[in-house]
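Report on the structure given below.
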Amino acid sequence: MTTTAQHKIGTGFGATSTAAEVLAGIDLTGKLALVTGGYSGIGLETTRALVDAGARVIVPARRPATAEQALAGIDNVEIDELDLGDLDSVRAFAERFVAGGRRLDLVVNNAGVMACPETRVGDGWEAQFATNHLGHFALVNRLWPAIAEGARVVALSSRGHFFSPIRWDDLQFERGYDKWQAYGQAKTANVLFAVKLDELGAAKNVHAFAVHPGGIWTPLQRHLSKEEMVQRGWIDEAGNQLVGFKTPEQGAATSLFAATSPQLDGMGGVYLEDCDLADSVPADADPATTWAGVKAYALDPEQADRLWTLSAEMTGVNAFA
């Protein structure tokens with residue numbers, strides 16, 4: 001159960017803080033980090049900032065050649081192949097890594113898809129839930145023997161979790177697909193994963209955090225039409241941005257704060273935004289008018305427990321069984 005209270009703690013950082021600012025004075029020399037999707041958008045900024053602070057970073061990539069190109073010129077990075085939507089690929093990557101005998105100090109579950117057309121992977125699973133949640137669930141469980149004492153695991157969620165709790169009666173959207181509800185369910189799952197992992201990791205002093213990076217213009221928007229982005233008020237008809245999106249450097253800051261800040265020592269199982277813990281909001285808070293906070297259903301330890309059990313059944317892996 002979450003022992004850290006879910007409310008702001010006044011970290012001194014905020015929405016405009018950058019990756020470099022939150023890492024100022026933090027020395028990661030000798031630390032080994034893993035960043036999924038660490039070659040695009042805020043993942044690329046996360047990788048770059050960790051390397052700048054002294055860490056060595058492993059970037060598992062669905063498209064290794066694309067990753068090589070994006071990360072060219074950044075030292076202390078290793079690229080390996082991993083497709084989070086394919087559990088055989090997850091197993092193969094994890095087995096290669098664990099066999100190497102190294103210890104991971106930081107894991108950032110950064111990769112994800114958003115609002116994609118209806119897609120099925122694995123055993124007919126809805127792709128956003130499968131990739132954003134189940135792939136990372138299997139990855140962390142398979143890597144568990146290599147996760148160091150005192151490590152931190154960061155799960156990238158989103159304010160999108162407002163769009164849906166876990167739909168226990170129709171998890172795979174077999175009764176009609178809604179891409180935003182599917183995204184919302186996956187992002188709620190990311191928070192619940194952090195809540196449960198923090199509890200299970202206590203014996204190894206491993207802490208887990210969920211993070212909303214903020215609105216950032218990245219390849220995550222690739223499935224959205226111009227019309228849709230106009231309708232949502234993100235851009236005008238000419239394609240100019242109307243919303244105050246964060247830069248990728250600002251977008252990476254909350255993940256990095258969660259992964260490294262001494263202000264969070266001993267804490268875990270909580271949701272962060274704008275480089276601070278978020279305040280909890282009621283389950284019926286309207287996403288159209290509530291722009292911050294975390295819904296209570298995403299922090300519910302009973303929901304977290306139920307999701308963990310189900311995810312273990314679906315993926316066939318549970319490091320804590």
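The table for this structure:
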{"read-out": "Every pair of residues 6+ apart whose Cβ atoms lie under 6 Å, when the first sits in region 202-214 and is closer than 15 Å to Phe320 by Cβ while the second is of a type in the set (Gly, Ala, Ser) and outside any strand (DSSP E or B)", "value": "Ala208/Ala194; Ala208/Gly268"}
{"read-out": "Members of region 65-113 that are of a type in the set (Val, Ile, Thr), more than 27 Å from Gly214 (Cα to Cα) and buried (at least 22 other Cβ atoms within 10 Å of the Cβ)", "value": "Val90"}
{"read-out": "Subset of region 293-309 that is free of Cβ contacts under 8 Å to residues at least 24 places away in the same chain and not acidic (Asp, Glu) - its residue that is surrounded by the most Cβ atoms within 10 Å (Cβ to Cβ)", "value": "Gly293"}
{"read-out": "When residues of region 260-276 are limited to those that are more than 21 Å from Ala304 (Cα to Cα) and not hydroxyl-bearing (Ser, Thr, Tyr), the one surrounded by the most Cβ atoms within 10 Å (Cβ to Cβ)", "value": "Cys275"}
{"read-out": "The listed residue being in a loop (DSSP other than H, G, I, E, B) and either of a type in the set (Gly, Ala, Ser) or touching a strand residue (DSSP E or B) at 6+ places or on another chain (Cβ under 6 Å) (or both), out of Ala111, Ala155, Ala92, Ala148", "value": "Ala111"}
{"read-out": "Any hit, region 300-316, residues being modelled with pLDDT of 95 or more and within 17 Å of Ile9 (Cα to Cα)", "value": "no"}
{"read-out": "Any helices (runs of 4 or more DSSP H) falling wholly within region 218-272 and containing at least 1 residues that are under 16 Å from the mean Cα position of the chain (by Cα) and modelled with pLDDT of 90 or more", "value": "248-251, 253-260"}
{"read-out": "Residues that are in contact (Cβ under 8 Å) with a residue 40 or more places away in the chain, more than 30 Å from Glu302 (Cα to Cα) and among the hydrophobic types (A, V, I, L, M, F, W, C), drawn from region 1-32", "value": "Phe13, Ala15, Ala19, Ala20, Val22, Leu23, Ile26, Leu28, Leu32"}
{"read-out": "Members of region 198-208 that are part of a helix (DSSP H, G or I) and under 19 Å from Ser261 (Cα atoms)", "value": "Asp198, Gly201, Ala202, Lys204"}
{"read-out": "Pairs where the first residue, in region 154-178, is at positive phi and the second is part of a loop (DSSP other than H, G, I, E, B) and surrounded by fewer than 21 Cβ atoms within 10 Å (Cβ to Cβ), C-beta under 8 Å, 6+ apart", "value": "Phe173/Glu118; Phe173/Arg167"}
{"read-out": "Hits in region 1-37 (condition: modelled with pLDDT under 95, of a type in the set (A, V, I, L, M) and over 21 Å from Ala194 (Cα atoms))", "value": "Ala15"}
{"read-out": "Residue in region 88-101 that is touching a residue at least 24 places away in the same chain (Cβ under 8 Å) and under 27 Å from Tyr271 (Cα atoms) present", "value": "yes"}
{"read-out": "Cβ-Cβ under 8 Å pairs, at least 6 apart or on other chains, region 258-278 side within 17 Å of Leu50 (Cα to Cα), far side among the β-branched types (Val, Ile, Thr) and surrounded by 20 or more Cβ atoms within 10 Å (Cβ to Cβ)", "value": "Ala258/Val154; Ala258/Val211; Ala259/Val108; Ala259/Val154; Thr260/Val22; Ser261/Val22; Cys275/Val22; Cys275/Thr254"}
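The values are calculated or read from the model by the stated rules, or taken from the named source; none is laboratory data. Predicted model, so just to flag it, every value in this text is computed and none were measured. A quick note on method: Cβ atoms are made from the backbone with ideal geometry, for glycine too, and the neighbour counts reach across all protein chains shown.
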